[in-house]
Amino acid sequence: MKRIFSGMQPTGNLHLGNYLGALKNWVALQDSYECYYCVVDLHALTLPQDPEKLRAAVREVACAYIACGIDVSKSCLCVQSAIPAHTELSWILSTLTPLGWMNRMTQFKDKAGKDRDKQLLGLYSYPVLMAADILIYHADCVPVGEDQKQHVELTRDLALAFNSRYGETFPVPEPLIMGFAARVMSLRDGTKKMSKSDISDYARINLTDDADAIMLKIRKAKTDPEPLPDTIKALEKRPEAQNLVSIYASLADQSLETVLTQHAGAQFSTFKQELADLTIAKMEPLTARMRQLMSDPAEIDAILNAGSEKADALTQTYLQEVKRRVGLWL
Ligand code: AMP
Ligand code: TRP
C-alpha cells in the first residue's frame, strides 16, 4: 500500500474549506492508502500562541478529524511535537535549501506583507519543516488544498536534492489535489480564500457553527444580482457565484454541470436557501459528533498518544538511515 501523510495546524476555527478541501478527501483515501494524519502544532508557532489554548486546539483538530470520518482503526492520528524526527530532519534539509527557493514561496510573501524585516524566521522557513513532515514518513502522496501545492513542490525538490547528495533515500512525493472545492473562497469576498484567520466570522462556516449560524452566514453571503447561469463558462467572471455553486456541488457530490442544470435561472435568494439546507444537513452530524468527542478529552489524548508512538517508531528508523548517510553521530 502506498503511504499518505497530511496535516493541519491547530489554530482554531476549522472551517468548511478545511473540510471540503482537505478532510473530506482524507476520509476517502483511508481504504486505499496507509494514512498518517498529523496535527502540526509546531507549525502553529509561526504565529503567537497561548500555551493552554494551543494544547486545547490540538485536541479540537483531532476531534474534527474523527468527527469528519477519519477512522483510527485504519489511519494513524498523531501530533507533530511528540515526534522528534520531524524537527531533526528539518534542520538537515535546511542545509540543502537555497534561499532562492524560499524566496519564491508565495504564502510567505502574502503573509509577510510589506514589512519583511519584522517577520520571524520560523514563518519564512516553515515550508522546510513541512517538507521534513512529509519526507520523514517516506510518504508517496500528500492530499492538500490548492494553497499548499507550492510547498509540496518544494518538498519534491528537497527529496531530489537529498537523494542526489547522499544517495537514493526518499521517495519523491506527489501532491493530491482533489475535487473542485480545493479552494473554497470567503463568503464575503469571492477572490480571497476562506481562512481561519479572517477577522470577519461571516467569511467562513466553522465546523462548530450551529444550524442558525450556517443559515445566517449563507443568507448574508455576497453575490451578484444575476440569476444562476446554465454554463460553467458563465461563472468565470462571477467569483462569489462560482464559490457558492462549487460548495453546493462538493457537498452534494455532484458535478458543477449537474448543479447548474438543476438550478439555472434561479435567483440567488432561492439557491442560497437550498445551499443552507444542504450545508446544515451535511455538517450537523459532524458538529454534533465533534461536540460529543470534545466532552471526553482523556479519550482523545489516548488516541493521539498511541498514534504518536507508532509514528515515532516509524520515523526513527528512517531518521537513523538519514543520520548514517549524512555522517552524523549514531
Ligand atoms: P490550514 O487551515 O492552513 O491548516 O490548512 C489545512 C488544510 O486545509 C490544507 O490542506 C489546506 O490546503 C486546506 N485548506 C485550508 N483553507 C482552505 C480553503 N479555503 N479551501 C480549500 N482548502 C483549504
Ligand atoms: N502547511 C500546511 C497548512 O498550512 C499544514 C502542513 C504542515 C502540512 N505540514 C504538512 C500539510 C505536511 C501536508 C503535509 O495547511
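With angles folded into 0 to 90 degrees, how steeply does helix 149-166 sit against the dominant principal axis of the chain? Use alpha carbons for both and round to 10. Here the helix axis deviates by roughly 20 degrees. Ranking Met130, Met1 from most to least accessible surface, computed with a 1.4 Å probe over the protein chains only, gives Met1, Met130.
Helical content of the chain, expressed as a calculated mean residue ellipticity at 222 nm, amounts to -16500 deg cm²/dmol (DSSP H runs of 4 or more residues, -39,500 (n - 2.57) each, divided by residue number, nearest 500). Within the straight-line cut-off of under 16 Å between alpha carbons, the lysines reachable from Lys220 are Lys272, sequence neighbours fewer than 8 places apart in one chain being disregarded.
Near Leu187, once Lys and Arg are set to +1 and Asp and Glu to -1 for all other residues with Cβ below 9 Å from its Cβ, the sum equals +3.
Within a Cβ distance under 11 Å of Gln9, other residues only, what is the Lys/Arg minus Asp/Glu net charge? Write out the running numbers ahead of the final one.
Details: positive: Lys196; negative: Asp41.
Charge balance near Gln9 sits at 0.
Taking the C-alpha atoms only, the angle from helix 268-294 to the longest principal axis of the chain is near 40 degrees. Straight-line cross-link reach from Lys149 at under 19 Å between alpha-carbon atoms covers these aspartates and glutamates, not counting any fewer than eight positions away in the same chain: Asp110, Asp133, Asp140, Asp157, Glu174.
Of the chymotrypsin sites (Phe, Trp or Tyr not before Pro) in region 233-330, which ones lie in a loop per DSSP and count no more than 12 other C-beta atoms within 10 Å?
Working: sites: Tyr248, Phe268, Phe271, Tyr318, Trp329; in loops: Trp329.
The qualifying sites are Trp329.
Region 79-105 and region 231-252 have Cα centres separated by 37 Å. Listed by chain and number, the lysines whose C-alpha is less than 24 Å from the C-alpha of Lys323, apart from same-chain residues fewer than 8 away, are Lys310. Both radii come from the Cα set of region 1-156: Rg as radius of gyration, Rh as Kirkwood radius; their ratio Rg/Rh reads 0.95. When +1 charges are put on Lys and Arg Cβ atoms and -1 charges on Asp and Glu Cβ atoms, the dipole computed for the chain relative to its Cα centre reaches about 780 debye.
In this simple spin-label approximation, Ser164 and Lys323 carry label points 7 Å from Cα along the Cα→Cβ vector, and these lie 2.8 nm apart. Taking 7 Å steps out from each Cα toward its Cβ at Asn103 and Asp71 produces label points 5.0 nm apart. If you take the alpha carbon atoms of region 89-213 and fit the smallest convex hull around them, that volume is 138 Å³ per residue.
Using +1 on the beta carbon of Lys and Arg, -1 on that of Asp and Glu, and nothing else charged, what's the dipole of region 1-131 about the Cα centre, debye to 20?
That gives a dipole near 320 debye.
Compared with the dominant Cα axis of the chain, that is its longest principal axis, helix 239-252 is turned about 80°. Once the chain from Ser32 to Trp91 is taken as fully extended at 0.36 nm per residue, the excess over their C-alpha distance is 18.0 nm. The spread of Cα positions in the chain, taken along each principal axis and listed from longest to shortest, comes to 68, 45, 41 Å.
Could you tell me the calculated FRET efficiency between Leu120 and Asp157, based on Cβ-Cβ distance and R0 = 22 angstrom, to the nearest 0.05?
Numbers: r = 24 Å, r/R0 = 1.07.
With a Förster radius of 22 Å, E is 0.40.
The values are calculated or read from the model by the stated rules, or taken from the named source; none is laboratory data. These numbers come from a predicted model, not from an experiment. Neighbour counts run over all protein chains shown; Cβ positions are idealised from the backbone, glycine included. Accessible surface is based on the protein model in full, side chains and every heavy atom, while ligands, DNA and RNA are left aside. Shrake-Rupley method; radii C 1.70, N 1.55, O 1.52, S 1.80 Å.
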